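The values are calculated or read from the model by the stated rules, or taken from the named source; none is laboratory data. These figures come from a predicted structure and were not determined experimentally. Using ideal geometry, Cβ is built from the backbone for each residue, glycine included, and neighbour counts are taken over all protein chains shown. These area figures cover heavy atoms from the full protein model, side chains too; ligands, DNA and RNA do not enter into them. Shrake-Rupley method; radii C 1.70, N 1.55, O 1.52, S 1.80 Å.
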Amino acid sequence: MKSIYLDHSATTPLDPEVLEAMMPYFTDIYGNSSSVHSQGQQAARALEEAREKVAALLGAKPTELIFTSGGTEANNQAIITYMLNNRGKGNHIITSAVEHHAVLHTCQFLAKQGFELTVLPVNSYGEVEPDTIREALRPDTALVSIMHANNEIGTIEPIKELAAIAHEAGAVFHTDAVQTAGKIPVNVNDLGVDLLSASSHKLYGPKGIGCLYVRKGIRIGSLLHGGGHERNLRAGTVNVPGAVGFGKAAELAMQRLCSQEAPLADLAKRLIDGLLATIPNTRLTGHPERRLPGSVSVCFDYVEGESILLMLDHYGIMASSGSACTSDSLDPSHVLLAIGLPHETAHGSLRMTMGKDNTQEDVDYVLQVLPPIIHNLRAMSPLGR
Ligand SMILES: *Cc1c(COP(=O)(O)O)cnc(C)c1O
């Protein structure tokens, strides 16, 4: 049977070259990177080389990167420890309604602890409009956290502009760049951000490793307390094989960056145009142009996203509905509700996110299989009839 993976925003397969780069650090070079002996020092050198490669992908200095266990931890550390360590700057946090739960729930946690939170609305494309942030900023706003691109609907946020507005008002700017690092150019200086989160498994690296970029002079703290690893900012023996894999994945992503963006955008366009042309009552979610290359997100009226996923899986097509994290709850995705979709429409969402190995044949196969699936599901649904 065919097997077509269209869920790259949830995670990506490990690149074989990345696995190869990691292997020695599981077998021969197993030393603790904090140890003084030669095994440890070899591991420490590999760790610093990996840090240089990830830093290069983000246009950062290696000394500004902390390795974490992934995007979730990086987001938690950025937001929680910035707020705790800069109480003098204010008590107010601004974020958006379409953030990943790793940001949204972290901000809500802080709100329960007594910090003040403003959650900005977005327009129908899922964009944070500059005026909304301008109006929300207060003298006591310490931190603004807005994602670089949305994992569910692919919309790319105008981070450069938003960060500049936050800075004018004296606030620090964090962005969750987990969906963009390795897919589109991400440069901390071009974007003008102070804190940025990235994750290895979204760019063909291993799971369980990510990083937080911290601009020089920005004072954050440790989320995990213990040893003095990662310049005293992240205690715990460093995941050296993971970091080496992340480094290799970042290096490969940088090489692919220019050649991959346009073909992926073309594949997505072919799929979007095909779906809109063949399936009535279908709408694209997210911005038509300013979106992640390879990201297709649509809503079909009168069907359940979950049913579509099961049918697609039967044909060997792996996709998702809303975000992976919410797929075991019955509520429609907070992102789809934030862009103003009614509950019924949001329930019929389908996300297909393509990666470097997807082909035009894959897209054509989906276009052959999906229209009859939607047609049949609608015929069975009381709403569809
Ligand atoms: C996947 C994802 C995360 C979480 O990253 P992990 O490394 O899986 O913890 C955070 N933010 C966004 C936008 C994501 O897509």
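Contact list please: Cβ distance under 8 Å, first residue in region 181-198 and closer than 15 Å to L252 by Cβ, second residue aromatic (F, W, Y) and in a loop (DSSP other than H, G, I, E, B), pairs at least six apart or on different chains. Matching pairs, first to second residue: G182/Y204. A single entry from A166, A235 fulfils the requirement of being without any contact (Cβ under 8 Å) to a residue 24 or more places away in the chain, open to solvent by less than 20 Å² (accessible area, probe 1.4 Å), at negative phi and away from the ligand (no atom under 14 Å from the Cβ): A235.
Of the set (1) more than 16 Å from the ligand (Cβ to nearest atom); (2) not in a loop (DSSP other than H, G, I, E, B), all apply to Y30 but (2). Scanning region 84-112 for residues that are within 16 Å of the ligand (Cβ to nearest atom) and touching a Cys at 6+ places or on another chain (Cβ under 7 Å) turns up T95, H101. When A43, A21 are screened for being under 26 Å from the mean Cα position of the chain (by Cα), more than 16 Å from the ligand (Cβ to nearest atom) and open to solvent by less than 70 Å² (accessible area, probe 1.4 Å), only A21 passes.
Just one residue in the set T81, T68, T95, T72 is open to solvent by 50 Å² or more (accessible area, probe 1.4 Å) and not small (G, A, S); that residue is T72.
In this structure, does S124 turn out to be open to solvent by 40 Å² or more (accessible area, probe 1.4 Å) and not assigned by TED's automatic domain parsing to the domain that holds P293? It is true that S124 is open to solvent by 40 Å² or more (accessible area, probe 1.4 Å) and not assigned by TED's automatic domain parsing to the domain that holds P293. Just one of the listed residues (V188, V122) is in contact with a strand residue (DSSP E or B) (Cβ under 9 Å, 6 or more places away or on another chain) and under 21 Å from F67 (Cα atoms), and it is V188. The single condition among (1) assigned to a helix (DSSP H, G or I); (2) in contact with a Cys (Cβ under 7 Å, 6 or more places away or on another chain) that L341 does not satisfy is (1). Pairs linking a residue in region 47-62 that is closer than 15 Å to M22 by Cα to a residue that is aromatic (F, W, Y) and loosely packed, with under 15 Cβ neighbours inside 10 Å, with Cβ atoms under 6 Å and 6 or more positions apart or on different chains, do not occur.
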